[in-house]
Amino acid sequence: MLDDPLVLDDNGSPVMHDAGAGSRPSYRPVHAVQRALTLLCALNTRGVSSIDALYRSTGLPKPTIVRLMETLIAEGYVTKDKKQGGYLVTSLVQSLSCGFHADPLVVQAGRPWASALTRRLQWPISIALLDESDVVIRFSTVSDSPVSPAHATINMRLSLLDRAMGLSYLAFCPEGEREILLHILETSRAKDLAAAGGRRSIEDRLQLIRKDGYSTRGKRVEPLSSGTVAVPIMDDGRVLATMGMGYFRSAVTEERIAQHYVPIMQESAAHIVEQVRLLRRGDGSRQVA
């Protein structure tokens with residue numbers, strides 16, 4: 001398996017290849033739509049807006065503003081307040097964003113690093129977040145990997161007891177959180193816990209994972225032909241997410257996993273945490289889309 005060097009930009013973020021670079025829209029933008037959206041944005045910046053205020057903030061001709069406002073009123077997105085002598089948006093504008101579900105910061109920050117790792121290592125990389133007593137894959141490069149053991153993994157739920165990405169979360173989360181999760185597993189996943197050898201066996205395994213710095217999927221867990229190695233993405237002692245790499249067992253030895261792939265993944269996890277901190281401060285300039 002070839003390991004291509006990771007190319008970074010001047011800010012230290014992985015350089016992304018834009019498959020759509022150089023592409024052009026099939027049609028010219030519809031100016032009436034552009035103007036209507038410009039007006040909506042302007043209306044959202046203040047409580048009540050007069051035609052004069054909208055003219056000053058948008059630069060659109062007043063007759064155009066009046067016609068567009070009448071259209072927006074007819075569609076229910078804007079109403080005219082006669083008492084205050086201006087226009088304001090209605091609650092209907094909230095429906096324009098109801099289909100948008102922003103990724104957690106760690107997924108936003110991790111996306112370019114995961115993609116860069118797959119370009120470098122060829123194997124698929126996934127990022128998973130805790131959801132109740134499982135972790136759920138929220139981002140994956142399966143479609144970008146030429147040698148992926150899986151075809152689709154987004155929204156796949158993985159057990160905390162025997163899956164690499166789940167074990168990584170359980171092993172590295174704070175002790176108090178781990179106790180709560182283990183208690184939940186004892187009551188709601190008693191059979192799974194017993195199949196994993198019981199609580200004492202799990203705790204011993206978690207201790208070994210913390211010592212090694214990474215986790216792997218059990219060899220008896222299907223599919224047997226493939227494996228997963230995972231590392232935590234941690235910030236200030238808290239696990240933000242876990243990052244896993246899938247591979248075929250026949251192509252990669254355990255020694256190479258530990259000595260070669262794990263350090264590379266841990267380095268990327270540290271970069272992801274740096275990016276999360278930048279995004280929290282509102283500085284997304286280093287984020288590569």
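Read the figures in this text as sums done on the coordinates, not as results from a lab. Worth saying up front: this structure is predicted, and the values here are computed from it rather than measured. Glycine gets a Cβ as well: all are built from the backbone with ideal geometry, and neighbour counts include every protein chain shown.
Among the candidates ARG157, ARG200, which residue alone is free of Cβ contacts under 8 Å to residues at least 12 places away in the same chain and surrounded by fewer than 18 Cβ atoms within 10 Å (Cβ to Cβ)?
Every option except ARG200 fails the conditions.
Could you look through segment 28-84, keep only residues that are part of a loop (DSSP other than H, G, I, E, B) and among the small types (Gly, Ala, Ser), and pick out the one that is nearest to LEU96 (Cα to Cα)?
So the residue we want is GLY76.
In the set LEU129, LEU72, LEU96, LEU92, which member is surrounded by fewer than 18 Cβ atoms within 10 Å (Cβ to Cβ), of a type in the set (A, V, I, L, M, F, W, C) and touching a helix residue (DSSP H, G or I) at 6+ places or on another chain (Cβ under 9 Å)? Walk me through how you get there before you give the answer.
Working: LEU129 fails: surrounded by fewer than 18 Cβ atoms within 10 Å (Cβ to Cβ); LEU72 fails: surrounded by fewer than 18 Cβ atoms within 10 Å (Cβ to Cβ); LEU92 fails: touching a helix residue (DSSP H, G or I) at 6+ places or on another chain (Cβ under 9 Å).
When all the criteria are applied, what remains is LEU96.
Is at least one residue of segment 275-287 closer than 17 Å to GLY166 by Cβ and outside any strand (DSSP E or B)?
The answer is no; no qualifying residue exists.
Please state which of the following conditions ALA230 fails to meet, knowing it meets all the rest: (1) among the small types (Gly, Ala, Ser); (2) more than 18 Å from PRO174 (Cα to Cα); (3) in a strand (DSSP E or B).
Just one mismatch for ALA230, condition (2).
What's the number of the condition VAL136 fails, among (1) part of a helix (DSSP H, G or I); (2) closer than 30 Å to ILE202 by Cβ; (3) free of Cβ contacts under 8 Å to residues at least 24 places away in the same chain?
With (1) part of a helix (DSSP H, G or I); (2) closer than 30 Å to ILE202 by Cβ; (3) free of Cβ contacts under 8 Å to residues at least 24 places away in the same chain applied to VAL136, the lone miss is (1).
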